[in-house]
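Here is the structure we will look at.
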Amino acid sequence: MKRVGHLYETMCDIDFIKKAIRNAAKGKTDRAYIRQIIDDIDRYAQEIKTMLEAGDVKLSPSQTCVIYDNSCRKQRTITIPKFYPDQIIHWLVITALQPVIMRGMYRYCCGSIPNRGGIDAKAYVETAIHDGKMRYCAKLDISKFFDSVRPPVLLDMWKRKIKDGRMLELIGKILENGGDHLPIGYYTSQWFSNFYLEGLDHYVKEQLHIKYYVRYVDDMVLIDSNKRKLRRAVAAINEYLHGIGLKLKDNWQVWRLNSRPIDFVGYRFYKHKTILRKRIFFRLCRRVRKVKKTGYITVRQAMSLLSLIGWLSHINACGFYKKYIYPYAPKSKLKRIVSNYTKKQNKKRR
């Protein structure tokens, strides 16, 4: 495969920079310091252009905070880069690199990719388990994935893909600024993490010849007809990961499809049905019970319920929604609450 060049020149286009600024600002335009940049976008875009052309991109030290992730019950350290110029530079780099990344990406690499998410992974798993020849499943997870990615190895991977020296130098600056791992919170990290495992995806499909394979960031599901083949594949995957500084968690499993469900991307997959993961289902029930008890719905509750009800739309849960949710929190009412709140906020900004 030919290496790609002239990426840095693309980033120096003033319209390209303005687009990156607007993308970086999405969902955050209520913040005064971001509003200031959007309102004077021509000046700030010109400053970024001058910075890039001079090769004088200076990234700021990032702040960190610790949050509790309810979805997986873990504490996570989030790195927050400054909006100007860091987040804008991140968006510029990824927008320029995206065609290169997508060109070699495995079709069912589904995490943090536009138009590919949990629903895409869900549909693929359902296709796999409905294939009558498939009998066994393997579920794997990479241990401390983002903390274990080696920036020098990642930069070497980029050198095999692109030949633009200035772009490689800028990627190196971003990696150096993030520390000795991929920081959670950088826009670049979600794309770089998938690129880091691109070789693994092709290895599993093209050399191990696994019939059905899907990866959602660092979670993997392999489905095939032969148990020994899957066990050999797990050992081979672990060996491959060791070569790039990663390793599998010890809790990987291989089991017969008929014996129990596959718990993946928020759903539990049985041979003849798909249901919500228990944790998500119970969270939804608790939210509805609270609304039933208080008799009113706050904006925050409306947003949360709309998000949780969205999970139901992808499974056969119409009866459950009508009986247990609709009488207390119908979607139309929730949408109206959120819409009215958004309109009020927009008026304040004007």
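Annotation for segment 192-215: at least one member residue is within 19 Å of Q87 (Cβ to Cβ) and of a type outside the set (K, R). Going through (1) outside any strand (DSSP E or B); (2) in contact (Cβ under 8 Å) with a residue 12 or more places away in the chain one by one, T79 falls short only on (1). Against the test of being open to solvent by 60 Å² or more (accessible area, probe 1.4 Å), in a loop (DSSP other than H, G, I, E, B) and over 25 Å from E198 (Cα atoms), the options D15, D42, D56 yield a single qualifying residue, D56.
For segment 262-272, the set of residues classified as of a type outside the set (K, R) and within 16 Å of V214 (Cα to Cα) consists of I262, D263, F264, V265, G266, Y267, F269, listed by residue number. In segment 141-159, how many residues are of a type in the set (K, R) and within 20 Å of the chain's Cα centre (by Cα)? Going through segment 141-159 one residue at a time, the tally reaches 2.
At least 3 residues being of a type in the set (D, E, K, R) is the threshold, and among the helices (runs of 4 or more DSSP H) wholly inside segment 148-220 those reaching it are 165-178, 198-206.
Considering only segment 310-325, I want to know if a residue exists there that is without any contact (Cβ under 8 Å) to a residue 24 or more places away in the chain, surrounded by 14 or more Cβ atoms within 10 Å (Cβ to Cβ) and part of a helix (DSSP H, G or I). Yes, segment 310-325 contains at least one residue that is without any contact (Cβ under 8 Å) to a residue 24 or more places away in the chain, surrounded by 14 or more Cβ atoms within 10 Å (Cβ to Cβ) and part of a helix (DSSP H, G or I). Of note, Y136 does not satisfy the criterion of being within 20 Å of the chain's Cα centre (by Cα) and of a type in the set (S, T, Y).
Regarding S307, is this residue of a type in the set (S, T, N, Q), open to solvent by 50 Å² or more (accessible area, probe 1.4 Å) and either more than 28 Å from E126 (Cβ to Cβ) or modelled with pLDDT of 95 or more (or both)? Here the answer is no, as S307 does not meet what is asked.
When residues in segment 18-39 are screened for being without any contact (Cβ under 8 Å) to a residue 60 or more places away in the chain, outside any loop (DSSP other than H, G, I, E, B) and either within 17 Å of K82 (Cβ to Cβ) or open to solvent by 80 Å² or more (accessible area, probe 1.4 Å) (or both), 9 of them pass.
Of the numbered criteria (1) surrounded by fewer than 20 Cβ atoms within 10 Å (Cβ to Cβ); (2) closer than 27 Å to Q253 by Cβ, the one V100 fails is (2). Entry remark, segment 53-87: residues being closer than 24 Å to A32 by Cα and not β-branched (V, I, T) number 14 in total.
Scanning segment 2-12 for residues that are touching a residue at least 24 places away in the same chain (Cβ under 8 Å), outside any helix (DSSP H, G or I) and either among the hydroxyl-bearing types (S, T, Y) or open to solvent by 90 Å² or more (accessible area, probe 1.4 Å) (or both) gives R3, H6. Pairs meeting the criteria (first residue in segment 87-109 and free of Cβ contacts under 8 Å to residues at least 60 places away in the same chain and closer than 16 Å to F195 by Cβ, second residue open to solvent by 30 Å² or more (accessible area, probe 1.4 Å) and not in a helix (DSSP H, G or I), beta carbons under 6 Å, at least 6 apart or on different chains) are lacking. Quick one: is A138 part of a helix (DSSP H, G or I), open to solvent by less than 20 Å² (accessible area, probe 1.4 Å), modelled with pLDDT of 95 or more and of a type in the set (G, A, S)? Taking the combined requirement at face value, the residue does not satisfy it.
The values are calculated or read from the model by the stated rules, or taken from the named source; none is laboratory data. Treat the numbers as computed from the prediction; the structure is a model and nothing was measured. Note that we place each Cβ from the backbone using ideal geometry, even for glycine, and neighbour counts take in every protein chain shown. Remember, those area values only see protein heavy atoms, side chains included, never the ligands or the DNA or RNA. Shrake-Rupley method; radii C 1.70, N 1.55, O 1.52, S 1.80 Å.
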